[in-house]
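What follows is a set of notes on a single structure, which appears directly below.
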Amino acid sequence: MESTHQPADAGGSRSVSDQCSELVLYVNGKPHTLTLDHRATVLDVLREDLGLTGAKKGCDHGQCGACTVLVDGRRANSCLLLAVAQDGRRITTVEGLAEGERLHPLQEAFLERDALQCGYCTPGQICSAVGVLAEAADGFPSHVTPPGTGSGAPVELTDDEIRERMSGNLCRCGAYPRIVEAVGDVSARAGAASWTSGGPAGQGVAS
Amino acid sequence: MKPFGYVRAASIGEAVRAAAGQPEARFLGGGTNLVDLMKLGVETPQLLIDVTRLPLDRIEELPDGGLRIGAMVRNSELAAAAPVRDRYPVLSQALLAGASGQLRNTATTGGNLLQRTRCLYFQDTSKPCNKREPGTGCPARDGAHRDLAVLGHSEHCVATQPSDMAVALAALDATVHLHGPDGERTVAAAEFHRLPGDKPEQDSVIGAGELVTSVQLPPASPGMRSRYRKARDRASFAFALVSVGAVLEVRDGVVRHAALAFGGLAHRPWRARAAEKVLYGAPATEDTFARAADAELAAARPLRDNGFKVPLARNLAVGVLADLADRAARS
C-alpha cells in the first residue's frame, strides 16, 4: 500500500552553502522559493519570513500543539519540522482555511460555541481539528476506537474520540468542553463531508 | 541549535555512503525526537542525512504470510493499516497509545525505534548523565526516578526505553533490518535495544552508520490473540509508567504460545522469558498468569520512588493475559 506522504513533487532543495539551502514551500496554495538556514523550522519560516503569525510558538517542543499546521493534508507540529526537509510540501495554516470572507466550518463552530478564551492555542486547535476530521473520514483509528471497528471504515467522532484525538493540543484557559462541542458540531453536520473528502492528499482542505 | 549540513539521500546506498566515517552525522526521519534534542543541545550533529524520501514508505505482504514495514512508514499509517489492525492488533494499539495525532503523522517506524529516553537528566545539558556524557555520573539514581527502570538497570544508568511500538514488536518476534557500511543484517526486535551495563550511551545494538530499512513481522497464526495495555499518569499523550504487550494462543484451555513484553520497566522492551516458561503448556487461568508474572518480576530491583511499578506490571500482565484467554475461550 502506498503512503499518503508522497511529496507534491520530488523536491529539489539546493545547497547554497554548508549551512543553507534553497527550497520551495507551497503555503496556502502559493509557492515560496526561500534560501534558509538548515536550522529554520517551518514554524519560524511561517512567522518570521512569510508573516503568517497564526501558528503560535507555545512550548517549541511538540508538546502543546499551538504550532499545528497541515502538511500535505495531515496535521503536524510545525515547531519540530525542519523547513529544508519539507521542500516541495503543501502547507496549510489557519490563514489558509477560509475561502475569502467565508470562514471554514470549524472557524465558524469555534465562534458559535465560544470555544476559546485567550485564543493563543486556537489556530493550532482549529488546524488540528481539520486534521482530525480528515483522519476519521479516512478510517484512522484512535486509542479509544472500539476494537471491532472495521479497518478502513470512517470513524464516528464521539466526544471520547474527539478528546483523545485532540490530546496533542493544550488549552491553558481550559476551553476544552466548548472545543469538543465545536468539533462535534462540524463532524455531525451533513455538509462536513465536502470539507474532508479530499482524502489524504488534502485537496479537500480549503480548496 | 548548532549549524549543520543537510543532504537528501536518493537511495539507501547513498544514505549509507554519506554516513560512512562521519560520527557526527545523523539520519533524519520524522525528526520529532531528534530535532527536539537538537534544540535542547543534547544532539549536535554536523550533518543531517534526510532519509524520508527513500522508497521505504510501504507496507508489503510477504510470501510466508508475514508483513514488511518500511522504515519510513509513518506511525499513524502503520496503526491504521488493515493487515496490522486485523492480524497484529497489539502493534496498532501500541502505536495509538503513544504520542499525539500530530506526532504520529510525522514520526517514522525507524525513528520510533531509535528514539532516546525521556529521563529528565538526559534531556538537561546542565546536569550530569552517563548516557549523554559517559563518566559524568547518574543523578537519577538518587534523584527524580519515579518514571525510570526497575529491571536490568546498572549503577551507570536507570533510564527506560520510551517506545510503545518497540514493546509490541518485541512481543511479536519481529525482526529489524539494517543496512550499513558492511552490508545488510537482521536483528531480533527483542534484542535490538540493550541493557545499559557500563555503556549506557548505547541504546541499541545498531552500529555506526547503520540505517534501519524495515521491520518484518512473522506470520500471525489464526488462533493468535494479542493486546497492548498502557498505564500512564493521564488518559492520553503521556509516556508509559508500565505497559504490557502480549501475544497468546490457547487451545483446549491450555497455553500453546505466549509472548509477553513490558514497557516502562527497563532500558529496553523487557521480553518476559521467565514468565513465558511458566505459561507454555499450563492451563490458561488467572492463577497461571499470576505465577508467570511473579516469576518474571522476582528479578525487579526498584529504586526509592518507583516500587509501585512492580505490582502495576503484575496486575497489567495478569489482566491482559486473562482478557486474551477469555476471548480465545469465547471464539
Next item on the list: Report the local net charge at B:R229: Lys and Arg +1, Asp and Glu -1, summed over other residues whose C-beta lies under 12 Å from its C-beta.
Entry: +1
Item checked: Nonlocal amide H pairs with B:L56, under 5 Å, H built at 1.01 Å -> B:M72
Next item on the list: For region A:66-111, report the translational diffusion coefficient in µm²/s to the nearest whole number, using Stokes-Einstein at 20 °C, 1.002 mPa s, and a Kirkwood Rh over Cα pairs.
Entry: 183 µm²/s
Checklist line | Principal axes of region B:122-237: Cα extent on each, largest first, Å | finding: 49, 42, 24
Next item on the list: Restricting things to alpha carbons, tell me how big chain A is in terms of Rg and Dmax, in Å.
Entry: 16.9, 53
Item checked: Net charge, B:S126 excluded, C-beta distance under 12 Å - Lys, Arg +1, Asp, Glu -1 -> 0
Checklist line | Loop-located trypsin sites (Lys or Arg not before Pro) in region B:114-157 whose Cβ has at most 15 other Cβ within 10 Å (DSSP) | finding: B:R118, B:R146
Notebook entry, point to check: List the GluC sites (Glu not before Pro) in region B:1-61 that DSSP assigns to loop (not H, G, I, E or B) and whose Cβ has at most 16 other Cβ atoms within 10 Å. Which are they?
Noted result: B:E24
Check: GNM on chain B, C-alpha springs below 10 Å: top fluctuator among B:R301, B:R225, B:R271?
Finding: B:R301
Notebook entry, point to check: Once both axes come from the Cα atoms, what is the angle between helix A:176-188 and the longest principal axis of chain A, in degrees from 0 to 90, rounded to 10?
Noted result: 80 degrees
Check: Just from its helices, what would the mean residue ellipticity at 222 nm be for chain A, if runs of 4 or more DSSP H residues each count -39500 (n - 2.57) and the sum is divided by every residue, rounded to the nearest 500 deg cm²/dmol?
Finding: -6500 deg cm²/dmol
Checklist line | Cut-off 10 Å between beta-carbons: net charge of the residues surrounding A:R39, Lys and Arg +1, Asp and Glu -1 | finding: 0
Next item on the list: Would you list which lysines come within 22 Å of B:K131, measuring only between C-alpha atoms, while excluding same-chain residues fewer than 8 positions from it?
Entry: B:K2, B:K39, B:K199
Margin query: How large is the direction-averaged shadow of the alpha-carbon convex hull of the protein assembly as shown, in nm²?
Written below: 24.0 nm²
Notebook entry, point to check: If you find the alpha carbon centre of region A:142-189 and of region A:11-32, how far apart are they in angstrom?
Noted result: 35 Å
Notebook entry, point to check: Could you list, bin by bin from short to long, the percent of Cα-Cα pairs of chain B in 10 Å steps?
Noted result: 6, 26, 34, 24, 8, 1, 0
Check: Under 26 Å Cα-Cα from A:K30, which lysines qualify once same-chain neighbours fewer than 8 residues away are excluded?
Finding: A:K56, A:K57
Next item on the list: Taking DSSP loops as anything outside H, G, I, E and B, show the longest stretch in chain B free of chymotrypsin sites (Phe, Trp or Tyr not before Pro) there with at most 16 other beta carbons within 10 Å.
Entry: B:1-279
Item checked: Options B:A295, B:A18, B:V242, ranked by Cα towards positive dipole end of chain B, top entry (Cβ charges) -> B:V242
Note to self: Placing unit charges on C-beta atoms (Lys and Arg positive, Asp and Glu negative, everything else neutral), compute the dipole magnitude of region A:1-144 about its Cα centre in debye, rounded to 20.
What the structure shows: 140 debye
Next item on the list: Please give every one of the lysines within straight-line cross-link reach of B:K309, meaning a C-alpha to C-alpha distance under 17 Å, and leave out same-chain neighbours fewer than 8 residues apart.
Entry: B:K230
Item checked: 3J(HN,Hα) from dihedral phi, region B:88-93, Karplus parametrisation 6.51/-1.76/1.60, rounded to Hz, x for glycine, proline -> 10, x, 4, 6, 4, 5
Checklist line | Whole-Hz couplings from phi, Karplus 6.51/-1.76/1.60, listed for region B:316-331; x for Gly and Pro | finding: 4, 5, 4, x, 5, 5, 5, 5, 5, 5, 4, 5, 5, 5, 7, 8
Checklist line | Long-range amide H partners of B:D50 with built H, under 5 Å | finding: B:V7, B:R8, B:A9, B:L28
Next item on the list: Mind putting a number on the dipole of the protein assembly as shown about its Cα centre? Charges go on the C-beta only, +1 for Lys and Arg and -1 for Asp and Glu, and I need it in Debye to the nearest 20.
Entry: 920 debye
Next item on the list: Using only Cα atoms, figure out Rg for region B:225-330 and give it as a multiple of 2.2 N^0.38 Å.
Entry: 1.04
Margin query: Over 23 Å apart: what share of the alpha carbon pairs of region A:14-95 falls there, rounded to a whole percent?
Written below: 13 percent
Item checked: Inverse of mean 1/r across different Cα pairs in region B:13-168, Kirkwood, Å -> 17.3 Å
Item checked: Max mean-square fluctuation residue, GNM over chain B, Cα-Cα springs under 10 Å, options B:A293, B:A159, B:A282 -> B:A282
Next item on the list: Could you give the size of the charge dipole of region A:105-196 about its Cα centre, using +1 on the Cβ of each K and R and -1 on the Cβ of each D and E, expressed in debye and rounded to the nearest 20?
Entry: 220 debye
Next item on the list: Can you find, among B:M1, B:L120, B:V167, the residue farthest towards the positive end of the dipole of chain B? Put +1 on the C-beta of Lys and Arg, -1 on that of Asp and Glu.
Entry: B:L120
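Every read-out reported here was derived from the displayed coordinates using simple, explicitly stated rules and does not represent laboratory data. Source: prediction; values computed, not measured. Every residue, glycine among them, receives a Cβ derived from its backbone with ideal geometry; neighbour counts consider all protein chains shown.
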